[in-house]
Structures are given as structure tokens and as C-alpha cells.
Amino acid sequence: MLKPLNLITFLFLAFILNISTVNAANITLNDLGSNAANIIYEGKIVKGDSKKISSIINKYKGYIVSIELDSLGGDVEEAIRVADIIERFQISSTVPKSKICGSACFFIFIAGTNRMASGIEEKGNSDAPLGFVGIHRPFLAEPSSGYVAKQQAVIAYYGYRDRSKRTIVTSC
């Protein structure tokens, strides 16, 4: 039998692991017919997403033509890893009508061979929501303490900035 402290620790960890699973992106394959498919990427970008995407692309090599994005962002480093995969396999990126690609998702979007963030304007309805891409200045948050040492922040910021510039410049 678990001791009370171990039981509390166990329940806490189970709760945390469940939350992180719930917040993970939903990554699926959509068969478009005529030997073509696209990846649908919905939700928060978390560690492990690049492995999932890589697995799908390797399994259906040559058939994946695009990645459809709907994410408010998440883990920047993981987004850059996904972007590298998208660029390497020359896959297009889209943000469909009424969907959002924000924050770290931008790296995945910009890595697409062809990029489209729009929708088809509905006849007679020019107010129909279109696909949206949102970017912002980077910020750092240390989850355990809420504090990041200045030197750590500067190193991380310039590392992300330089990697971001390389990703954007090579993708455009």
C-alpha cells in the first residue's frame, strides 16, 4: 500500500501528466485522393511533435503535399524542429479559413515550400473569417521559479533570434 505522501505525489504526477497529454497537438493524416495527403496539425506544440510528424512523413513519403495548421503555438524549439522537417521534405503549409497559426506555429508556417494563410471569401459574405498568422516578440518563462537569470535570458533570446532569422531567411 502507498504511504500518504507517496499517494499524494502519485496523484499529483498523474494529474500533471494527464494535463500535458490533453494539451498536446492532434496530428492526423488526411487522404486527399490521387496519391496525395496532408497533415492536419491542431493544438499546442509540445515536445515529441517532430517525431510524430517525421514518422507520418516517412511512412507516407512522396504523398504528403501540405501541412494544415491550427495552433496558438507552444514549444519554440519543437516548432523549429518541425519546421526543419517541413522544409527538408518540401511540404507546403496552409492556415485554412477560420483557423489560427500563432506564436511558435509561425516557424512551421514559414518553412512551407508554398504558404497560404487565407480562406475563400464566401459569395456575398466579405466578413467571413480568413486564416490568420500571428507573430510576436519572444519572451522567456522559467516554469519552476518564474525567474530567468539575465545572462540566461540574453543567451536564449539571441539563440532563438539567430535561429529564427536563419529559418525565415532560408524559407522565404
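Every number in this text was worked out from the coordinates using simple rules, so none of it is lab data. It should be emphasised that the depicted structure is a prediction, and the values quoted were computed from it without experimental measurement. Don't worry about glycine lacking a Cβ; one is built from the backbone with ideal geometry, like all the others, and counts go over all protein chains shown.
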(message) What distance in nm separates the two pseudo spin-label positions at Ser118 and Val65, each 7 Å out from Cα along the beta-carbon direction?
(response) 1.8 nm
(message) Show me the ranking of peptides 67-80, 41-54 by mean Cβ neighbours inside 10 Å, starting with the highest.
(response) 67-80, 41-54
(request) Please check which bits of region 40-56 a label hung off Leu72 would reach, taking the label as a point 7 Å along Cα-to-C-beta and the cut-off as backbone N under 15 Å. (result) 42-46
(message) Sorting check: for 56-64, 104-112, which peptide has the highest mean count of neighbouring beta carbons within 10 Å, and how do the rest follow?
(response) 104-112, 56-64
(request) Give me the distance in nm between label points sitting 7 Å out from Cα along the Cα-to-Cβ direction at Asn30 and Leu130, one decimal. (result) 1.9 nm
(request) Quick one: which residues, 5+ away or cross-chain, put their amide H under 5 Å from the amide H of Cys101? H built at 1.01 Å from N. (result) Ser71, Phe132, Val133, Gly134
